[in-house]
1. Does G25 satisfy being surrounded by 13 or more Cβ atoms within 10 Å (Cβ to Cβ), out of contact with any Phe, Trp or Tyr (no Cβ under 6 Å at 6 or more places or on another chain) and modelled with pLDDT of 85 or more?
2. Which one is nearest to D197 (Cα to Cα), of the residues in the range 236-267 that are surrounded by 23 or more Cβ atoms within 10 Å (Cβ to Cβ) and at pLDDT below 90?
3. Please enumerate the residues belonging to the range 115-127 that are small (G, A, S) and either in a loop (DSSP other than H, G, I, E, B) or touching a residue at least 24 places away in the same chain (Cβ under 8 Å) (or both).
4. Hey, can you tell me all the residues within the range 232-255 that are of a type in the set (D, E, K, R) and either under 12 Å from A80 (Cβ atoms) or touching a residue at least 60 places away in the same chain (Cβ under 8 Å) (or both)?
5. How many residues does the range 156-165 hold that are modelled with pLDDT under 90 and either surrounded by 19 or more Cβ atoms within 10 Å (Cβ to Cβ) or not aliphatic (A, V, I, L, M) (or both)?
6. Being among the aliphatic types (A, V, I, L, M) and surrounded by fewer than 23 Cβ atoms within 10 Å (Cβ to Cβ) is the filter; apply it to the range 197-226 and report the residue that is modelled with the highest pLDDT.
7. Taking interchain pairs and intrachain pairs at least six residues apart, which have beta carbon atoms under 7 angstrom, with the first residue in the range 278-291 and under 23 Å from D197 (Cβ atoms) and the second at pLDDT 85 or above and outside any helix (DSSP H, G or I)?
8. Out of all the residues in the range 56-77, which are surrounded by 24 or more Cβ atoms within 10 Å (Cβ to Cβ) and either of a type in the set (D, E, K, R) or within 18 Å of G260 (Cβ to Cβ) (or both)?
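The values are calculated or read from the model by the stated rules, or taken from the named source; none is laboratory data. In this text the structure is predicted, and so the values were computed from the model without any measurement. Positions of Cβ are backbone-derived with ideal geometry, glycine not excepted, and every protein chain shown enters the neighbour counts.
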Amino acid sequence: MSNNAVIPQPVEPLSVLPGKSANLGYLLILALLIFACFVPLFVDSPSHQNVAILVLMAAQMGVAWNIVGGYAGQVSLGHAAFYGIGAYTSTLLFAKFGLNPWVSMLAGGALAALVSVVIGWSCFRLKGHYFAMATIAVAEIIQIIFTNWEFAGSAVGLTIPMDKEGWDVFVFASKVPYYYIALGLLIATLLANLVIDRSFYGYYFRAIKDEPDAARSLGVNLRKYKLIAFAVSSFFTALGGSFYAQKELYIDPASVLSTGLSIKMALVSILGGIGTLFGPVLGAGILTLIDEGTRALFGGTGRGTDLIIYAALIIAVAVYYPNGVMGWFRSLMSRRQAAQSQAAKGELA
């Protein structure tokens, strides 16, 4: 069996249109980045700024989940466990021990990565839906632990002190600093995805996802590279949880450890385009607008409407667009380019 059959070439993440050079992708990304940097300057409504922050937060979660679920093909439905570990670690270290919240955020990410290795060491013995169910079970166990842990506030939760304000304590009265921090976290997570995509890790992860038996026969240590993907994904997921805690200044098990949060992380990536660099960002925009739109239209009477729409989207993606919105867009552009080529050949004939 040839290597090409086992370790596929990575999909060019920066190519926007089939047949175009990656330079167009770089220009488009640069334009979007410049646009994102100036959003707070012309969106002065705090509520609208908050929606933009929620989009960035959802995108960061989806991009982090995409490392293990998209590239390595290990569908984790318990990633809220690492989100919650990051949130609780940073909050406890800051509120109870006075540790700088920026350092606490990194500590939360490191602890989540360590816990993911411990969990993955046993869970990666399972495959497919058995692994997914195991991750759900682990997340539920961690939620129960925090719900009954008095030092961590039990079911009541924890509050971050608001006696000081500024960058040194990671507490702000305005939404603008939170926006730029969320944007920075998203860019950092995207860069991590890009490095993985362009390195031998990306090749190995795709091999594990597409042809695990063939990859093993060529000497790829499946468990080792699954654990690496799991740890990196968990680290960035925990950073997102720490940011959530600092933004909201309050956390409880229901807000950072729920199964619904884990499903949303996966759905953001799957809807936008699993295994692609910017698919989760697109998926985050769609889902966040659905969340905020249903809340604005129905208020308390429409509780659960977003979940109904989520379910419909999952069915539609699974049946009609298994490669997500990015896959559909690429397919559309490919068909259009093929039609133009055929038309050009007809004119020449």
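1. In short, no.
2. Taking the candidates together, the pick is L267.
3. If we filter the range 115-127 for residues that are small (G, A, S), which is where we start, we get 116, 120, 122.
Once the filter is applied, which keeps residues that are small (G, A, S) and either in a loop (DSSP other than H, G, I, E, B) or touching a residue at least 24 places away in the same chain (Cβ under 8 Å) (or both), the range 115-127 yields S116, G120.
4. Step one: filter the range 232-255 for residues of a type in the set (D, E, K, R), giving 247-248, 252.
Scanning the range 232-255 gives K247, D252.
5. Kept after step one, since they are modelled with pLDDT under 90, are these residues of the range 156-165: 161-165.
Next cut, either surrounded by 19 or more Cβ atoms within 10 Å (Cβ to Cβ) or not aliphatic (A, V, I, L, M) (or both) only: 161, 163-165.
Final tally of qualifying residues: 4.
6. Checked the range 197-226; the qualifying residue modelled with the highest pLDDT is L222.
7. Nothing qualifies.
8. Hits for the range 56-77 are A58, A59, Q60, M61, G62, A64, W65, G69, S76.
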